[in-house]
Amino acid sequence: MTTEEFRKHAHELVEWMAGYMENVEKYPVKSHVKPREIINRLPAGPPLMPEPFDDLMKDFEEIIMPGISHWQSPNFFAYFPANTSPPSILAEMIISTLSPQCMIWETSPAAAELEEKMMIWLRDLIGLPAYFEGVIQDTSSTSTLAAILTAREKLSGFVINEEGAGKAGTLRVYCSEQTHSSIEKAVKICGIGRKNLVKLPVKEDFSMDPSKLREAIEADKRKGYHPCCVIASLGTTGTTAIDPLRAIGEICAENDIWLHVDAAMAGTALILPEFQWMLDGREYIDSLVFNPHKWMFTGFDCSAYFVRNPEHLIKTFEILPEYLKTRTRGTVNDYRDWGIPLGRRFRALKLWSVIRMYGVEGLREKIRYHIKLAAELSELISHEPDFEMLAPLTINVVCFRFRPARLNDNEVNKINEELNHRLNDTGKIYLTHTVINGIYTLRMVTGQTNVTMEHVEKAWDLIKTTARAL
Ligand code: PLP
């Protein structure tokens, strides 16, 4: 492709992008395609000769687009959001044009130094103490794995990295039973072993019960185990429960246990002074992750991972083959040593673009608005006698169900599952569920970049009419 041709297609594509943004609500939010439908429409093998861009776009519209679920639709209320925004998309255009590989400072000093600065901005914005340093990872799952590996190495005197996982089978990791599955995955693959993950019962509000944590640690110590790491969640996936950091942190400090905080989605709320209470006990934290790619308008992927002491992190991950030795080593941040992959994208540019073009107050205003929408939705739900709220509303996730008096518990579960599928099949909204104490629970998350009260009200009307017709 010549530069002239590229220029032409890129302009066409910008038109397509703006049109998509304007029309995103016209697509079914959740894709309706059946398994294998897309793959069966793709040719058996690659073309031998070059094909024109127009042909590619035609197939993209006809074959690929029907298989896309529209996370950027304001009618997307499922999971946690993975939202983007025009400033993030514009920055991605630059990133994909430069396509730098930012493994070490020397392979693009600006990328390393912008990343360092963005992590300082974010750290200060979310209210972590100034001694924290940060690095951008791809996801929370990777950040949490890095945290548990670092905790494991610190506890073993950095011996497991050298000699293998012999001692790891006596290490224990603690979290609440509401914690995200990425913690279980990390414990499973890091050599500690899934059986050494202790999932603690939760309190009525679904947050971790520190007294149960203390009991578990004491019992484990008596049995000869080595408590290694506690994961506290700020905003669990099911109900956005907030674990009490101070009480958990005190127990960690008494027992010299690593405290990792998973604030994947809810961490963004920390930019609001009125949500700083979630971080009470911050002085006990060893590491914290939150994803600007969830609720801070920065397109996937961008996960902010903060550590109290980068030395432990670097000691866990550094490896120095001859070809990566540089004269600047030790005087700059070579982020390849701050996590698992060697190669790294230039994600800091997206954050820079988003934070500058929204401004801190712009970000706060949007986040506050989303939180207000959730409060208004829960108010609407509470006025309907055949619906009920199922968990306290903490931030932007509303947990509820349809509960007609004529049905027993089992039937109520079934009807809510049916309701969820029916709603998603309309293509008008997208909701997902969780199960809490055996109760099938609908979750509605008001965190999509462009969601408004009008979207929420329309969705709520659809939910009520669909439910009552079942
Ligand atoms: N932690 C929590 C609380 C989550 O809700 C999620 C995903 O939704 C994750 C971790 C994993 O996030 P990621 O996809 O960035 O690994």
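In terms of the Cα gyration tensor, with a ≥ b ≥ c the square roots of its eigenvalues, is region 317-407 rounded because a/c is under 1.5, prolate because a/b exceeds b/c, or oblate? Prolate, because a/c is 1.5 or more and a/b exceeds b/c. In order along region 292-302, the Karplus-derived 3J(HN,Hα) couplings, from 6.51 cos²θ - 1.76 cosθ + 1.60 at θ = phi - 60°, round to x, 7, 8, 10, 10, 6, 10, x, 4, 10, 6 Hz, and Gly and Pro are given as x. Each peptide in 396-405, 138-147 was scored by the mean count of other Cβ atoms within 10 Å over its residues; highest first, the order is 138-147, 396-405. Within region 314-378, which trypsin sites (Lys or Arg not before Pro) sit in a loop by DSSP and count at most 16 neighbouring Cβ atoms inside 10 Å? Passing both the DSSP loop test and the Cβ count: Lys325, Arg327. What is region 1-87 by shape, rounded, prolate or oblate, if you read a ≥ b ≥ c off the alpha carbon gyration tensor as root eigenvalues and call it rounded for a/c under 1.5, prolate for a/b larger than b/c, and oblate otherwise? Note, shape of region 1-87 comes out oblate. In order along region 246-253, the Karplus-derived 3J(HN,Hα) couplings, from 6.51 cos²θ - 1.76 cosθ + 1.60 at θ = phi - 60°, round to 4, 5, 5, x, 4, 5, 4, 5 Hz, and Gly and Pro are given as x. For region 150-241, trypsin sites (Lys or Arg not before Pro) meeting the loop criterion (DSSP other than H, G, I, E, B) and having at most 14 other Cβ atoms within 10 Å: Lys223.
Expressed as a whole percent, the accessible area of region 79-152 that falls on carbon and sulfur atoms is 64 (1.4 Å probe). Net charge dipole, the chain: roughly 880 debye, given to the nearest 20, about the Cα centre with Cβ charges of +1 for Lys and Arg and -1 for Asp and Glu. Our helix-only sum for the chain, with -39,500 (n - 2.57) per DSSP H run of n ≥ 4 divided by its residues, gives a mean residue ellipticity at 222 nm of -13500 deg cm²/dmol. Can you figure out the FRET efficiency of Lys203 with Ile64, using R₀ = 45 Å and their beta-carbon distance, to the nearest 0.05? Efficiency, rounded to the nearest 0.05: 0.50. Label reach from Trp121 (point 7 Å along Cα→C-beta): in region 328-353, amide nitrogens under 11 Å belong to 348-353. Binning the alpha carbon pair distances of region 353-464 at 5 angstrom intervals from zero yields the distribution 2, 11, 21, 22, 19, 11, 7, 4, 2, 1, 0, expressed in whole percent. Taking a straight line from the alpha carbon of Lys428, these lysines sit under 21 Å away, with near neighbours fewer than eight places off in the same chain left out: Lys26, Lys30, Lys34, Lys458, Lys464. Under 5 Å between amide hydrogens, built in the peptide plane, is the criterion, and for Phe387 it picks out Arg403 among residues at least 5 positions away or on other chains. Judged by the gyration tensor of its Cα atoms, with axes a ≥ b ≥ c, the chain is oblate; a/c meets the 1.5 cut and b/c is at least as large as a/b. By the rule of a C-alpha distance below 16 Å, with chain neighbours fewer than 8 residues away ignored, the lysines paired with Lys212 are Lys199, Lys203, Lys221. Cross-link reach is defined here as a Cα-Cα straight distance under 19 Å, omitting same-chain residues fewer than 8 places apart; for Lys315 the lysines meeting it are Lys154, Lys167, Lys325.
Accessible area per residue of region 1-54 at 1.4 Å probe, in Å²? That works out to 86 Å² per residue. Near the amide H of Ser69, within less than 5 Å, lie the amide hydrogens of Ser31, all on another chain or at least 5 residues away, with H placed in the peptide plane.
By DSSP, the beta bridges lying fully in the chain are antiparallel in about 55 percent of cases.
The values are calculated or read from the model by the stated rules, or taken from the named source; none is laboratory data. Bear in mind that the values here come from a model prediction, so they are computed numbers and not experimental data. Using ideal geometry, Cβ is built from the backbone for each residue, glycine included, and neighbour counts are taken over all protein chains shown. Accessible surface areas use protein heavy atoms only, side chains included; no ligands, DNA or RNA. Shrake-Rupley method; radii C 1.70, N 1.55, O 1.52, S 1.80 Å.
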